[in-house]
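Reviewing the structure listed below.
None of the figures in this text is laboratory data; all of them are computed from the coordinates on show. Just so it is clear, the structure is predicted and the values come from calculations on it, not from any experiment. Here the Cβ positions follow ideal geometry from the backbone for every residue, glycine too, while neighbour counts run over all protein chains shown.
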């Protein structure tokens with residue numbers, strides 16, 4: 001790429017000062033502003049300086065990073081804001097009713113311009129200087145800016161040599177612009193903030209369900225108090241490999257992820273090896289990195305957010321934020337307690353695309369509570385809260401307390417899943433509200449004291465099999481009830497007999513509940529899982545029950561038949577011992593059938609003092625720590 005160094009001479013008939021250029025704006029005009037850090041600040045300032053001569057100018061924007069002086073109350077007769085996504089700079093004016101919010105899928109916005117449904121009188125954009133071919137680049141903001149520039153009656157471009165030249169589909173012929181305003185000024189910048197501890201915890205959980213070779217989207221919104229959770233996920237992905245990126249927005253956070261070697265796009269189904277995005281918001285370090293960099297492909301929103309394009313990627317993962325979710329799975333993302341807060345953005349586009357992708361995973365993230373301690377998981381959405389993702393299309397939901405998989409699940413199963421990842425202070429009330437709403441059966445009131453999700457810190461580990469499969473071990477959750485039912489009915493008659501000393505293969509509701517509703521303060525239940533696109537599959541379960549009088553715990557575990565003989569039983573037993581020792585338990589007891597030689601061998605080789613005796617075909621073990 002080679003700039004035309006004499007462009008101001010070449011196109012002198014198009015060059016104007018900011019004041020002269022903005023004199024073309026008339027009262028009643030609909031004026032589009034360039035997006036994010038690509039906002040043409042010199043043109044915006046010139047427009048505001050003309051406020052005394054203008055009336056009823058409608059400002060159309062997706063998301064702007066500048067100070068939005070046109071939103072000042074003193075200009076309320078001159079300018080009216082109409083935003084597709086509510087940023088911090090216009091939130092007050094919209095919440096006070098002095099501006100408008102247009103809820104719409106990001107992918108549908110260009111259609112408004114192309115179809116003439118939302119005609120634009122003027123587009124104020126920012127571009128690079130032209131190259132020797134007469135092409136300019138939209139730089140850091142292609143998104144809906146390209147569609148706006150193609151459809152506005154008058155296009156005024158702030159031509160800035162500090163705008164990076166981006167590759168992809170970011171070019172416009174200079175003859176398709178009407179007025180050029182030279183402005184050598186720094187771009188707006190947005191520095192990334194350190195991840196809030198809650199965001200960091202959620203990011204760890206999200207990273208655990210993102211497979212190697214996935215292509216990822218990081219949503220653009222934020223949650224009050226904890227910031228931008230999707231960006232925090234980037235810091236938790238450094239140990240992954242062969243990741244691809246197809247997302248609306250990139251920030252400085254992506255630089256470390258690229259440097260870690262986690263991103264190469266080698267497994268992408270389309271645009272292999274390319275980071276596909278539509279705009280970036282960051283610091284000069286990011287802008288310098290994307291400048292003429294063939295690693296990046298900046299494309300318009302109508303491509304990046306097209307759910308059909310998104311679905312073509314294998315293992316497409318979308319990560320988007322919610323502000324509230326009810327127990328049936330309805331997700332609210334653009335409003336909070338009846339007030340508009342952000343926007344729909346690309347959440348629905350990417351949720352659809354990821355859910356249709358082979359091996360894809362659509363993930364919704366949010367903290368369990370608001371800044372003032374209210375639960376974001378609620379029995380019914382707050383008055384005025386709008387549904388962005390419907391209960392029928394939600395898949396994964398992640399809070400700092402765990403992961404719930406809802407798609408295809410009954411109202412009862414999804415209710416229990418969501419209660420299990422709510423803040424512990426709110427679970428009891430949510431359980432009662434769910435029973436009152438008839439989302440779950442009344443007998444669930446009996447598990448109230450056992451509705452506990454254990455701490456992950458001590459109990460979480462993993463085991464790598466010889467074939468490279470990683471089995472993750474974690475505490476059992478109430479949401480595991482259907483998975484436990486599947487495991488129990490999949491066990492062979494021999495495995496059932498060895499584990500339960502019975503040939504009975506029928507398990508009632510109450511017995512299944514006893515497996516999953518565990519008070520981890522006294523008893524412990526650990527499951528071994530392998531990830532699948534639909535969520536975890538449980539392949540092993542280990543449990544001990546504490547006898548507080550003897551300070552010993554009775555231990556038992558079982559491994560799914562197809563996974564036996566691979567060391568999982570031994571590993572699970574040792575992990576249970578580690579947990580028991582950490583809590584001061586003095587030893588284990590166990591009852592094993594005399595014919596179950598494999599289990600006996602695990603106990604006898606525990607590395608601790610073992611006593612055993614046989615009575616009526618049953619071996620009783622006592623293991624001292």
Relative to the compact globular guide of 2.2 N^0.38 Å, what is the alpha carbon radius of gyration of the chain, as a ratio?
-> 1.14
Relative contact order of the stretch 197-450, pairs being alpha-carbon contacts under 8 Å that are 6 or more residues apart, as % = 18
Share of antiparallel DSSP beta bridges in the chain, in percent to the nearest 5?
-> 50
Would you mind checking the tilt of helix 197-208 against the longest principal axis of the Cα atoms of the chain, expressed as 0 to 90 degrees and rounded to 10?
-> 70
Label-point separation in nm, residue 407 to residue 530, each point 7 Å along Cα→Cβ = 2.1
Using the C-alpha atoms of the stretch 128-251, what convex hull volume per residue, in cubic angstrom, is computed?
-> 142
Label point distance in nm, residue 241-residue 292, each placed 7 Å from Cα along Cα→Cβ = 3.4
Return a whole-number percent for the relative contact order of the stretch 95-197, with Cα pairs under 8 Å and 6 or more residues apart as the contact set.
-> 26
Assuming a viscosity of 1.567 mPa s and a temperature of 4 °C, what translational diffusion coefficient in µm² per second does Stokes-Einstein assign to the stretch 209-288, Rh being the Kirkwood radius over Cα pairs?
-> 100
One would report the Cα pair-distance distribution of the stretch 7-182, bin width 10 Å, in %, as 10, 41, 37, 11, 1
Relative contact order (percent) for the chain, with alpha-carbon contacts under 8 angstrom and 6 or more residues of separation?
-> 9
For the stretch 37-95, go through all pairs of different Cα atoms, get the mean of 1/r, take its inverse, and jot down that Kirkwood value in Å.
-> 11.6
Per residue, what volume in Å³ does the convex hull of the Cα atoms of the stretch 334-403 enclose?
-> 97
Work out how far the C-alpha atoms of the stretch 84-169 reach from end to end along every principal axis, then list the three figures in whole Å, largest first.
-> 48, 29, 23
Give the order of 593, 546, 430 when sorted by the count of other beta carbons within 10 angstrom, beginning with the fewest.
-> 593, 546, 430
Exposure-ranked with fewest Cβ neighbours within 10 Å first, 375, 107, 153 stand as 153, 375, 107
Restricting things to alpha carbons, tell me how big the stretch 197-450 is in terms of Rg and Dmax, in Å.
-> 18.3, 63
Expected-Rg normalisation [2.2 N^0.38 Å, Cα atoms] applied to the stretch 523-625 | 1.11
One would report the antiparallel percent of DSSP beta bridges in the stretch 197-450, rounded to the nearest 5, as 30
P(r) over all Cα-Cα pairs of the stretch 122-177, 10 Å bins from 0 to the longest distance, whole percent per bin, short to long, reads 27, 63, 10
On a 0 to 90° scale, report how tilted helix 481-490 is relative to the longest principal axis of the chain, with both axes built from alpha carbons and the result rounded to the nearest 10.
-> 50
Would you mind getting the Kirkwood hydrodynamic radius of the stretch 257-342 from its Cα pairs, rounded to one decimal in Å?
-> 15.8
Per DSSP H run of n ≥ 4, the term is -39500 (n - 2.57); total these for the chain, divide by its residue number, and report the mean residue ellipticity at 222 nm rounded to 500 deg cm²/dmol.
-> -7000 deg cm²/dmol
Provide, for q = 0.15, 0.20 Å⁻¹, the log10 of I(q)/I(0) from a solvent-free Debye sum over equal Cα point scatterers in the stretch 26-124.
-> -0.54, -1.01
The helix 347-356 Cα axis meets the longest alpha-carbon principal axis of the chain at an angle in degrees, between 0 and 90 and rounded to 10, of 50
List 238, 575, 407 from most exposed to least, where exposure is judged by having the fewest other Cβ atoms within 10 Å.
-> 238, 407, 575
